Structures are given as C-alpha cells and as structure tokens.
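Written out below as structure tokens is the structure these notes cover.
Taken together, the values in this text are just the output of simple stated rules run on the coordinates, not laboratory data. Given the structure is predicted, the values throughout are model-derived calculations rather than measurements. In this analysis, Cβ positions are derived from the backbone assuming ideal geometry, glycine residues included, and neighbour counts consider all displayed protein chains.
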Amino acid sequence: MAYSTLEDFFGDIVGKARRGQGMSVADLARQAGLTPADIERVESYDLVPEDVRIRALADTLKLSADKLVSIARNWFPAHGNDSFEDTHLSVTRLEVRVGRMEANCYLLRCKQTGKGAIVDPGAEARRILDAVDQHQARVSHILVTHGHGDHTGALQEIRQATGASVCCGEGDIPLLGETGRLVDEKVTDDWGAHVGEIAVEAVGLPGHTPGGTGYGANGIFFSGDALFAGSLGGARGAGYRQQIEEIERVLLSRNSAVSIFPGHGPVTTVGEERTHNPFFL
C-alpha cells in the first residue's frame with residue numbers, strides 16, 4: 001500500500017499542540033482570534049481557515065507559521081513511499097492492519113550477512129514472517145520503539161518464530177504487560193548492537209511514552225511515534241516539550257539526507273522535517 005496523505009492532518013497538529021501545552025479550546029480561540037466552534041471544527045477536520053488565521057494559530061501554539069501553512073496546503077514528502085537500499089543494507093516497510101488503523105513495521109537487512117532486524121511488529125505476524133522469507137533474512141533482533149500495542153501486537157509470535165533478541169526501552173517495558181517478560185535487552189541511551197555488519201544505536205525519545213526509543217544506523221533512523229512526517233506523536237506537559245527538544249537534538253541534527261522511518265505514515269528525511277515540520281521553529 002502507498003500513502004497519499006500524512007499521518008496527521010492540519011487539525012491533528014493543532015490539537016496535539018494545544019493539548020501538549022495544556023491549552024483549552026476557549027483559550028486558543030481567544031488568543032488566535034477565532035471562536036471555540038472554529039477550533040472544534042479545525043480539530044475535527046471540518047475547517048481549514050485562511051492563511052492569516054493559520055498563522056495566528058501557529059503563533060499562539062508556538063509553531064512555525066510557514067510550516068503550518070505548508071501542512072494545511074497538503075505538503076507530502078518527496079519520497080514518502082520509497083524503500084531504502086545502499087551497498088550495506090536495505091529497509092522494507094510493511095503497513096500492518098491493527099484494528100481500524102495501520103502502523104508501519106520494518107525489516108532491516110544486512111546485505112553482507114543476511115542478518116536482519118524487525119522493527120515494531122504491531123500485527124499480522126504471518127505477513128511479517130513472509131517478508132522475512134522473501135528477503136531471505138535471518139532475524140537476530142526485534143527492535144521496539146515504544147510499548148503501545150499497535151507496535152507490539154505480534155511480538156510474541158515473531159519472537160517465537162525467529163528466536164530473535166527483543167530490545168525495548170527500559171521505561172516502556174511496563175506498557176507491554178505480560179509480553180514484557182519477552183524483553184531480552186533493556187535499551188538505554190548507551191545501547192548498541194550489530195545486525196550482521198550494521199551497527200545500530202539507540203537514542204531515547206521520551207514524551208509520547210516514558211521509554212520511547214529511536215534506532216539509527218548509517219543513513220537511516222526509525223523514529224517510532226516520536227516523530228511523523230510533518231508532526232509528532234502526542235505528548236502532554238513536560239513530556240511534550242521534552243519530546244520536541246530531544247528530537248531536535250538527537251535526530252534533526254543529523255545529515256539532511258538521513259531517511260526517517262516513522263511508526264505511522266510516509267517516510268521522510270531529516271532535511272524535509274527541518275523544512276516542513278511546524279513543531280520545529
């Protein structure tokens with residue numbers, strides 16, 4: 001399946017920024033020069049106001065006005081449905097169905113050794129394992145970006161079928177419930193591993209969840225729900241600000257060509273997020 005829209009629409013971004021900062025609908029409406037009914041229509045996808053009002057919303061919510069206008073006018077990453085391959089590794093995306101929604105699961109494969117890692121096995125274990133067979137990967141690691149069920153629902157089946165080492169941010173293990181017993185490696189900021197000859201590093205991206213984790217290798221980064229193309233996973237209060245600061249520090253400081261593979265929605269790049277994501281001024 002190919003994505004044709006972002007995971008988050010204009011109204012989602014307004015709502016996430018408002019809730020993240022603890023702002024009421026009435027407060028946002030008053031400060032942005034709109035009515036509460038207007039804000040409710042925005043957040044329910046029923047209204048995209050003219051640019052001057054979008055800019056007023058952005059200023060009130062501490063978002064980039066130019067970037068928020070770009071999102072409202074249907075920006076989409078240039079290569080949002082591309083896979084990734086270089087001389088060393090490949091990344092294959094599967095959009096798995098989790099109830100009424102879809103989430104991204106990824107297969108990272110070392111081309112020199114055939115070793116592989118599955119990132120966020122949220123559902124449809126059979127499809128994931130068929131992809132492993134198709135790409136002739138020998139899965140050594142299962143990398144969990146965060147503990148929500150739409151990213152871990154097939155964890156037990158994949159672990160049983162592959163015998164791979166399950167890696168998860170220590171702060172998110174409680175979110176896994178009984179499945180938490182499957183975690184072999186508690187991931188912290190100093191964690192690293194090799195998938196074949198591919199060095200994989202972990203960085204903490206708390207906010208959406210306490211132990212949210214991103215995984216990077218040469219030229220690629222799996223951001224989970226910490227960062228979507230043009231948006232963020234939802235967070236509130238101190239976690240909202242921390243998430244933005246950590247993404248800026250550990251991810252958007254990387255080379256602009258680095259491909260970002262999020263937990264939902266299309267693929268993006270560091271350069272595109274610097275240019276188009278309204279959460280980063």
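I'd like the antiparallel share, as a percent to the nearest 5, of DSSP beta bridges with both residues in segment 207-266. Can you show the working numbers first?
Numbers: 5 of 9 bridges.
Roughly 55 percent of the DSSP beta bridges within segment 207-266 come out antiparallel.
Just round it to a whole percent: the fraction of Cα-Cα distances in segment 240-281 exceeding 13 Å. Don't jump to the answer; show the numbers that get you there.
Values: 465 of 861 pairs.
The calculated P(r) of segment 240-281 puts 54 percent of pairs beyond 13 Å.
By the scheme Lys and Arg +1, Asp and Glu -1, what is the net charge of all other residues having a beta-carbon under 13 Å from that of residue 80?
Values: positive: 93; negative: 7, 82, 95, 272, 273.
Here the charged neighbours net out to -4.
Count charges around residue 54 for me, please; just the other residues with Cβ under 11 Å from its Cβ, Lys/Arg as +1, Asp/Glu as -1. Please list the in-between numbers first.
Details: positive: 53, 55, 67, 73; negative: 50, 51, 59, 66.
Charge balance near residue 54 sits at 0.
Roughly what % of Cα-Cα distances in segment 141-192 sit above 13 Å, to the whole percent?
Of the Cα pairs, 50 percent sit more than 13 Å apart.
With viscosity set to 1.002 mPa s and temperature to 20 °C, compute the Stokes-Einstein D of segment 159-281, Rh being the Kirkwood radius across alpha carbon pairs; µm²/s, no decimals. Don't jump to the answer; show the numbers that get you there.
Numbers: Rh = 14.9 Å.
Stokes-Einstein gives a translational diffusion coefficient of 143 µm²/s.
Under a point-charge model restricted to the Cβ atoms of Lys and Arg (+1) and Asp and Glu (-1), what is the dipole moment magnitude of segment 10-72 relative to its Cα centre, in debye to the nearest 20?
220
Among the trypsin sites (Lys or Arg not before Pro) within segment 30-108, which fall in a DSSP loop and have no more than 16 other Cβ atoms within 10 Å of their own Cβ? Don't jump to the answer; show the numbers that get you there.
Details: sites: 30, 41, 53, 55, 62, 67, 73, 93, 97, 100; in loops: 62, 73, 100.
Taking segment 30-108 and a limit of 16 other Cβ atoms within 10 Å, the loop trypsin sites (Lys or Arg not before Pro) found are 62, 73, 100.
Out of the DSSP beta bridges found with both residues in the chain, what percent are antiparallel (nearest 5)? Don't jump to the answer; show the numbers that get you there.
Working: 31 of 47 bridges.
Antiparallel bridges make up about 65 percent of those DSSP assigns within the chain.
Once you keep just the Cα pairs under 8 angstrom separated by 6 or more residues, what percentage relative contact order results for segment 84-276? All intermediate terms of the calculation are to be shown ahead of the outcome.
On the way: 446 pairs, mean separation 30.4, N = 193.
Averaging sequence separation for qualifying contacts and normalising by length gives 16 percent for segment 84-276.
Taking the chain as a Gaussian network, where each spring joins two C-alpha atoms under 10 Å apart, which residue of 259, 90, 223 fluctuates the most?
90
So between residue 188 and residue 59, what do we pick up on full extension, going 0.36 nm a residue minus the alpha carbon distance?
Details: separation 129, 0.36 × 129 = 46.44 nm, distance 3.55 nm.
Between residue 188 and residue 59, full extension yields 42.9 nm more.
When only alpha-carbon atoms count, how far does segment 1-156 stretch along each of its three principal axes, as whole angstroms with the largest first?
The Cα atoms of segment 1-156 stretch 58, 32, 23 Å along the principal axes, largest first.
Measuring from label point to label point, each 7 Å out along Cα→Cβ, what is the residue 136 to residue 83 span in nm?
Computed distance between label sites residue 136 and residue 83 equals 1.4 nm.
I'd like the projected area of segment 10-72, averaged over all directions, using the convex hull of its alpha carbons. Report it in nm² with one decimal.
Working: hull surface 13.4 nm².
Spelled out: convex hull of the Cα atoms, projected over all directions, averaged, 3.4 nm².
Net charge near residue 153, counting Lys/Arg +1 and Asp/Glu -1 over other residues with Cβ under 15 Å of its Cβ?
Once positives and negatives cancel, what remains is -4.
Segment 68-163: Rg/Rh from Cα coordinates, Kirkwood Rh? Walk me through the numbers before you get to the answer.
Details: Rg = 14.8 Å, Rh = 14.3 Å.
So for segment 68-163, dividing Rg by the Kirkwood Rh gives 1.04.
Just the number, please: Stokes-Einstein D of the chain in µm²/s, Kirkwood Rh from C-alpha pairs, 20 °C, 1.002 mPa s.
On the way: Rh = 19.1 Å.
Calculated translational D: 112 µm²/s.
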